[in-house]
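The structure appears below as structure tokens.
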Amino acid sequence: MYRIPEDLAEWAQQRIEGFAVEGFVWGSGPAHPRIMLVGEAPGENELVTGIPFTGRAGVELMASLESAGLTRDEVYITSAVRSRPYRWGEKTNRDGSKTRRTYNRAPVMQEIIAHAPVLDREIKDLKPPLIVTLGNVGLRRLVGKEFKVTECHGRLLETPVLKWDEAQGDFIFTEERYKIFPTFHPASVFYNPKTRAWTAEDWKRIGELLELGE
Ligand code: URA
């Protein structure tokens, strides 16, 4: 199993202090993964289990992995942000009363920047032969905000990736090139059922690429 150094995890947690986030879920997987998965941020469920993609989206993701001939143990799972971004909302109870509770939300850019050194380090250490981005957050974090998953999913990109440069206060491209395969976030099927067929095709293609050793 691979883990980022403890002091880096501590630093990342300090960098994100002051934002509406909670907890810290470590990336999970072997030191020599067949692929790296880059999601968005952990949700409520992952905070309880301490393991990425263990909620409803995780069930979808595990089925996709299986369709590509992969198991959880062979892949390294991480995301743009490693804490759970939340917002406060109100839930209406059966008796009509209201309870204040937190909901998951997508991370904002400042939170992505706060945790950028974690993903940068994971990529540098693991040198994944293939990086599969799950949804727009992971995709844009690595290749730039002009990319859209609906436009570029299912096609292999060979490209430098963005890493955070603290001195410049900006993301810059790595010298190394990586193989990036964009696909949808596994939760996208819950709000846009059309993505189910596209996601299935993408994962079939990932299986083929792995078989070809590409
Ligand atoms: N979405 C993510 O990006 N990561 C998780 O662990 C769960 C949901």
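The values are calculated or read from the model by the stated rules, or taken from the named source; none is laboratory data. The shown structure was predicted, so the numbers you read here are calculated from the model rather than taken from an experiment. Every residue, glycine as well, gets a Cβ built from its backbone with ideal geometry; the counts of neighbours run over all protein chains shown.
Checking the range 75-86 against the condition returns no match, with no residue being exposed (fewer than 13 other Cβ atoms within 10 Å of the Cβ) and without any contact (Cβ under 8 Å) to a residue 60 or more places away in the chain. Every condition in (1) under 18 Å from Ser64 (Cβ atoms); (2) in a loop (DSSP other than H, G, I, E, B); (3) in contact with a strand residue (DSSP E or B) (Cβ under 6 Å, 6 or more places away or on another chain) holds for Pro182 except the one numbered (2). Scanning the range 100-111 for residues that are in contact with a strand residue (DSSP E or B) (Cβ under 9 Å, 6 or more places away or on another chain) and either at positive phi or not in a strand (DSSP E or B) (or both) returns Arg105, Ala106, Pro107, Val108, Glu111. Exactly one residue out of Glu211, Glu151 is acidic (Asp, Glu), part of a helix (DSSP H, G or I), at pLDDT below 95 and surrounded by fewer than 19 Cβ atoms within 10 Å (Cβ to Cβ): that is Glu211.
Show the residue pairs that are 6+ apart or on different chains and have beta-carbon atoms under 8 Å apart, the first residue being within the range 49-63 and without any contact (Cβ under 8 Å) to a residue 60 or more places away in the chain, the second being of a type in the set (Asp, Glu). Listed by first residue and then by second, the contacts come to Pro52/Glu46; Thr54/Glu46; Gly55/Glu44; Gly55/Glu46. Once the range 48-62 is narrowed to residues that are within 9 Å of the ligand (Cβ to nearest atom) and among the aliphatic types (A, V, I, L, M), the residue that is surrounded by the most Cβ atoms within 10 Å (Cβ to Cβ) is Leu61. Residues satisfying the criterion are absent from the range 185-199 (criterion: within 24 Å of Ser28 (Cα to Cα), more than 16 Å from the ligand (Cβ to nearest atom), surrounded by fewer than 21 Cβ atoms within 10 Å (Cβ to Cβ) and at pLDDT 95 or above).
Candidates are the residues of the range 1-47 that are farther than 14 Å from Ala114 by Cα and surrounded by fewer than 13 Cβ atoms within 10 Å (Cβ to Cβ); the one that is nearest to the ligand (Cβ to nearest atom) is Met1.
So is Lys98 among the charged types (D, E, K, R) and either within 16 Å of the ligand (Cβ to nearest atom) or more than 24 Å from Lys163 (Cβ to Cβ) (or both) or not? So Lys98 passes the test. Would you check if there is a residue in the range 172-184 being more than 15 Å from the ligand (Cβ to nearest atom), surrounded by fewer than 19 Cβ atoms within 10 Å (Cβ to Cβ) and either β-branched (Val, Ile, Thr) or closer than 20 Å to Ala106 by Cα (or both)? Within the range 172-184, one or more residues are more than 15 Å from the ligand (Cβ to nearest atom), surrounded by fewer than 19 Cβ atoms within 10 Å (Cβ to Cβ) and either β-branched (Val, Ile, Thr) or closer than 20 Å to Ala106 by Cα (or both).
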